[in-house]
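Visitor: Before anything else, here's the structure in question.
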Amino acid sequence: MPDPGLKAALELNGPEACLAYYRDWAARYDGGFAETMDYRLPAHVAAAYMSTGAQGPVLDVGAGTGLLAQSLREMGFAGEIDAADFSAEMLERAAGKGLYTHLAQADITRPLALPRRYAGLVSSGTFTAGHVGPEALPSLLDVALPGAQFALSVNRRVWTAQGFDRAFDALAAQGRITALQIIEVQVYGPAATTLDPDHAADRAQVVLFRAA
Ligand SMILES: C[S@@+](CC[C@H](N)C(=O)[O-])C[C@H]1O[C@@H](n2cnc3c(N)ncnc32)[C@H](O)[C@@H]1O
């Protein structure tokens, strides 16, 4: 059976609905969703980040239960990783894994009460339907050190529909970001094909760029 959480998660409309949704989904996220769907996006983002030279400290944006930090550790990243997410229940799961130095409960669409100290910002699965749009990008740039490396996934379904393409082009034209590069990846592995044909073929753009 596909985890019934995915379809509903992608149809959420607004931050309150999203927050309420993850309150319940947190307990089933790793075992009921990520494992059964062979969720590969965190590993793709981690690999893209590692390919850039991977400096810390890193902020994992919409960190959830910590799957991206787990992939970074498995790939040998030894630097500091902090987590930001607005769901207390998801962060509680992440905290239990002992992967993060600091965990911040924060809405990333608002100015973040975090120091400008990050040499890297990474994110998987947060910029997708029913979740976060390009309006969060300025808050993230505000906590990035000059030259900080970003590796953020954006689901292909929302890339144009929510204006991510235009937002990245505008930030580049304004000189706020440099070295923009896009790698397209599969979100799920083959196990998803029979479990959830509607989403099994989902693709995401892993967007690599540097803060100016
Ligand atoms: C699909 S999960 C991805 C979690 C993790 N990065 C992964 O790949 O497994 C999306 C996460 O984004 C968080 N999120 C959604 N909207 C947010 C917002 N406005 N501010 C902070 N976190 C948000 C949710 O709480 C959830 O943990």
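Values in this text are rule-based calculations from the coordinates and carry no lab data. Being a predicted model, the structure only gives us computed values, none of them experimental. Because the Cβ atoms are built from the backbone with ideal geometry, glycine has one as well, and the counts that use them run over all protein chains shown.
Visitor: Debye sum, Cα scatterers, region 5-211, no solvent: what log₁₀ I/I(0) at q = 0.08, 0.11, 0.19 1/Å?
Guide: -0.23, -0.45, -1.57
Visitor: Pulled fully out, how much extra length does the chain show between ASP142 and GLU74, if you take 0.36 nm times their separation in residues and subtract their Cα-Cα distance?
Guide: 21.6 nm
Visitor: Kindly work out what percent of the DSSP beta bridges joining two residues of the chain are antiparallel, to the nearest 5.
Guide: About 50 percent, rounded to the nearest 5.
Visitor: Hey, another quick one. Taking the alpha-carbon centroid of each part, what is the distance from region 44-58 to region 93-156 in angstrom?
Guide: 14 Å
Visitor: I would also like to ask the following. At R0 = 30 Å, how high is the FRET efficiency between ALA113 and ALA191 if r is their beta carbon distance? Nearest 0.05 is fine.
Guide: My answer for the efficiency is 0.15.
Visitor: Let me ask something else. Between the DSSP loop rule and a limit of at most 11 other Cβ atoms within 10 Å, which GluC sites (Glu not before Pro) in region 1-107 are left?
Guide: GLU11
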